[in-house]
Amino acid sequence: MNHIPDLEILCLRHGKTNYTEKFPDLTPDGILHVRKVATETVLPWILKHGINPRVLGIVASPAPRALGTAANVAEVIGYQGKILPQGEIGPMARRDSVRAALVYRDLRAGKQYVSYETDPAFRDRTIFETPPEVRARWYAFLADYIRCARIHGPRHMIFVSHYEVLCNIVHDLFGIVASEPAELRHAEPIFLSVSDYAPSVSVIISGQFRGKEALGVLDLWDHSFERRL
């Protein structure tokens, strides 16, 4: 059976940052890199799918580094609409800011890789929102967008989010644990296309990432995701 995509989504991790929490919260190199990605990746994606920038949507995490990334992409592609902050694709919540700061201290100093997948601190719900909780809100957000977009639009979207959010689709769809040395890089694109599977119940998600293609099925109501080999 042929499944014809009716929604196109481009996901980007935010650009390189020093985590100042002040917009645009990107390093000078980070800004240059994001704009290069916008020119060399986002614009060709727009042309490939015949997307009118006036009816394109951009949703970003409320974090300044994500909003700054989205703003630079928007400027390069000539997007003049609003960039919509969306908490559902925001960073992992901190439940104990003092202990969380200690976990991130070496990461912020740029001296050590902190493994989201293996560091036990990220499983401690007294410090952070847990990975299963982040995964659940990502798929709830994605399902809600798909249901809404099919009625109201827009049918072409850019999502700017974070490692701990986007690593879920990278793992579940492509089978890649996006950790060191295969870490999801700053402003790295993930291409998703959506088509009907069981109308009003589930959809096919087809994706491209690092030259790899894959298919999965997303249930729009219970938000379960199953990779199809």
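The values are calculated or read from the model by the stated rules, or taken from the named source; none is laboratory data. This one's a predicted model, so the numbers in the text were calculated from it and none came from an experiment. A quick note on method: Cβ atoms are made from the backbone with ideal geometry, for glycine too, and the neighbour counts reach across all protein chains shown.
Summary of computed values
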{"read-out": "Complete set of residues in region 179-202 that are over 16 Å from F159 (Cβ atoms) and among the hydrophobic types (A, V, I, L, M, F, W, C)", "value": "A182, A198, V201"}
{"read-out": "Members of region 187-229 that are of a type outside the set (D, E, K, R), in a loop (DSSP other than H, G, I, E, B) and surrounded by fewer than 16 Cβ atoms within 10 Å (Cβ to Cβ)", "value": "P199, S200, V201, G211, W221, S224, L229"}
{"read-out": "Complete set of residues in region 172-199 that are among the aromatic types (F, W, Y), over 19 Å from P44 (Cα atoms) and at pLDDT 95 or above", "value": "F174"}
{"read-out": "Residue in region 94-105 that is assigned to a loop (DSSP other than H, G, I, E, B) and closer than 22 Å to L142 by Cα present", "value": "no"}
{"read-out": "Residue in region 143-165 that is surrounded by the most Cβ atoms within 10 Å (Cβ to Cβ), counting only those that are under 21 Å from I46 (Cβ atoms) and within 14 Å of the chain's Cα centre (by Cα)", "value": "V160"}
{"read-out": "Qualifying residue in region 155-163 (condition: assigned by TED's automatic domain parsing to the domain that holds D25 and at pLDDT below 95)", "value": "yes"}
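Listed here are the residues, each with its yes/no results for (1) within 14 Å of the chain's Cα centre (by Cα); (2) farther than 17 Å from L166 by Cβ; (3) in a helix (DSSP H, G or I).
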residue	(1), (2), (3)
K22	no, yes, no
K36	no, yes, yes
T39	no, yes, yes
P44	no, yes, yes
L47	no, yes, yes
I51	no, yes, no
L67	yes, no, yes
